[in-house]
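The values are calculated or read from the model by the stated rules, or taken from the named source; none is laboratory data. Not measured: the values here are computed from a predicted model. For neighbour counting, all protein chains shown are included, and Cβ atoms are generated from backbone atoms with ideal geometry for every residue, glycine included.
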Amino acid sequence: MKQLTIAEHYLLLAHILSTVFGLAGLLIVLPNPEIIANLPPLGQTVFQWSMAGGGATFIIFGALAVAIYGIRNLGIGTTLAFMLPSVFISLSSELLGTSTGFPFGDYAYLYGLGYKVAGLVPFTIPLSWFYMGFVCYLLARCGLKINSSSSWIRHLGAIATGAILLTAWDLVLDPAMSQAPFPFWEFQEEGSFFGMPYRNLVGWVGTGATYITVAALLWGKKTILLSRQELNLPLITYLVNFAFGATITIVALDNRFLLPVGLSILLGVVPAIIFWWISEANKSNQMNIYPENMVTDDDLKVATTDVEMALK
């Protein structure tokens, strides 16, 4: 378990550093080609490689960090019960979207995010749906304190909240990745919402809610209560990925895009921090809340008798 914790921390650090490196490349180096021209041949080769694979790298690091976090805190079965639906459903939705325009609008992926499945969708895209959907749903589920006795209405509330947190991230991600000077995908239609069609947001909510619902059904009535400290990685992951899109949007685009950044903060960042904060009331060790681990009056009587006999 200690080795998993160490690996998780290093992968999260690599995710953060690769995100910062990517921002520096997109916002500082690429707009100033003289910086690249002044690099030695080895430096130019390394930079070209990093720009070609940097987008894929930070997603892979994020997915690995969240996967190990899930295995360590929830178990491999629970983690796979979220990972598999999220990857396959999001990939299906993306393949449908890039082929038909439904449900996200008419768009296409460019380069920089890795090998494309069926020549359409980079393999890293479903991984990003997984790790961001996982942290969004976990923050929502723990913040709303879903347990084995929670009503189906509370479960639906956690699913809807997770999907909203996920879509709030897209409010800064899509402008940054499709309209910045060095885009990773492009809409082939002029959308009404800051260059995006409104159905793109509907597609995000629908796709996120679909695979989160499947995962929630697979999780069933499993009680997952994590403390604030145990939710540090989900919160950090959410904030780092928000900051990536928001920084590009603010720096590379005009002042009109401050509105989607503000909406993303209001609908995503603020609720995520609130859910993280109120989770302090939860038990650090979720096993303590299971009935089989609770101490009953009979247990106390037996223990008292044993102590009395030992003292005689």
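Of all residues in the range 205-215 being of a type in the set (Val, Ile, Thr) and within 16 Å of Phe102 (Cβ to Cβ), which is surrounded by the most Cβ atoms within 10 Å (Cβ to Cβ)? Reasoning before the result, please.
Applying the first criterion (of a type in the set (Val, Ile, Thr)) to the range 205-215 yields 205, 207, 210, 212-214.
Subsequent filtering for residues that are within 16 Å of Phe102 (Cβ to Cβ) retains 205, 207, 210.
Working: Val205: 16, Thr207: 25, Thr210: 18.
Looking at residues that are of a type in the set (Val, Ile, Thr) and within 16 Å of Phe102 (Cβ to Cβ), I get Thr207.
I'd like to check which helices (runs of 4 or more DSSP H) are fully inside the range 5-116 and have at least 2 residues that are modelled with pLDDT of 90 or more.
Where helices (runs of 4 or more DSSP H) fall fully within the range 5-116 and carry at least 2 residues being modelled with pLDDT of 90 or more, they are 41-74, 76-100.
Look at the range 178-206 and say how many of its residues are hydrophobic (A, V, I, L, M, F, W, C) and closer than 19 Å to Leu267 by Cβ.
The qualifying residues number 7.
Given the conditions (1) surrounded by fewer than 23 Cβ atoms within 10 Å (Cβ to Cβ); (2) β-branched (Val, Ile, Thr); (3) modelled with pLDDT under 95, and given that Thr161 satisfies all but one, which numbered condition is not satisfied?
Going through the list (1) surrounded by fewer than 23 Cβ atoms within 10 Å (Cβ to Cβ); (2) β-branched (Val, Ile, Thr); (3) modelled with pLDDT under 95, Thr161 breaks only (3).
For the range 196-204, does any single residue satisfy the condition of being hydrophobic (A, V, I, L, M, F, W, C), at pLDDT 90 or above, closer than 18 Å to Met83 by Cα and surrounded by 15 or more Cβ atoms within 10 Å (Cβ to Cβ)?
yes
For the range 95-104, name all the residues that are in contact with a helix residue (DSSP H, G or I) (Cβ under 8 Å, 6 or more places away or on another chain) and surrounded by fewer than 20 Cβ atoms within 10 Å (Cβ to Cβ).
Result: Phe102, Pro103.
So which residues in the range 144-158 are buried (at least 22 other Cβ atoms within 10 Å of the Cβ) and part of a helix (DSSP H, G or I)?
Ala158
Mind checking which residues of the range 127-143 are over 10 Å from Ile224 (Cβ atoms) and either outside any helix (DSSP H, G or I) or among the hydrophobic types (A, V, I, L, M, F, W, C) (or both)?
Residues satisfying the conditions are Leu127, Trp129, Phe130, Met132, Phe134, Val135, Cys136, Leu139, Ala140.
Would you be able to say whether some residue in the range 84-94 is crowded, with 17+ Cβ neighbours inside 10 Å and touching a strand residue (DSSP E or B) at 6+ places or on another chain (Cβ under 7 Å)?
Among the residues of the range 84-94, at least one is crowded, with 17+ Cβ neighbours inside 10 Å and touching a strand residue (DSSP E or B) at 6+ places or on another chain (Cβ under 7 Å), which makes the answer yes.
So is Ile71 farther than 22 Å from Arg199 by Cβ and either free of Cβ contacts under 8 Å to residues at least 40 places away in the same chain or not charged (D, E, K, R) (or both) or not?
Judged against the criteria, Ile71 is a match.
Output the number of residues of the range 58-92 satisfying the condition of being more than 11 Å from Trp129 (Cα to Cα) and hydroxyl-bearing (Ser, Thr, Tyr).
Total meeting the criteria: 4.
For the range 209-220, does any single residue satisfy the condition of being within 17 Å of Met177 (Cα to Cα), more than 14 Å from the chain's Cα centre (by Cα) and part of a helix (DSSP H, G or I)?
No, that holds for no residue.
List pairs: first in the range 85-107 and within 15 Å of Ile212 (Cβ to Cβ), second modelled with pLDDT of 95 or more and surrounded by fewer than 22 Cβ atoms within 10 Å (Cβ to Cβ), Cβ under 6 Å, 6+ apart or cross-chain?
Pro85/Val214; Ile89/Thr210
Could you list, in sequence order, the residues of the range 162-192 that are outside any helix (DSSP H, G or I) and touching a residue at least 12 places away in the same chain (Cβ under 8 Å)?
Ala180, Pro181, Phe182, Pro183, Phe184, Trp185, Glu186, Phe187, Gln188, Glu189, Gly191, listed by residue number.
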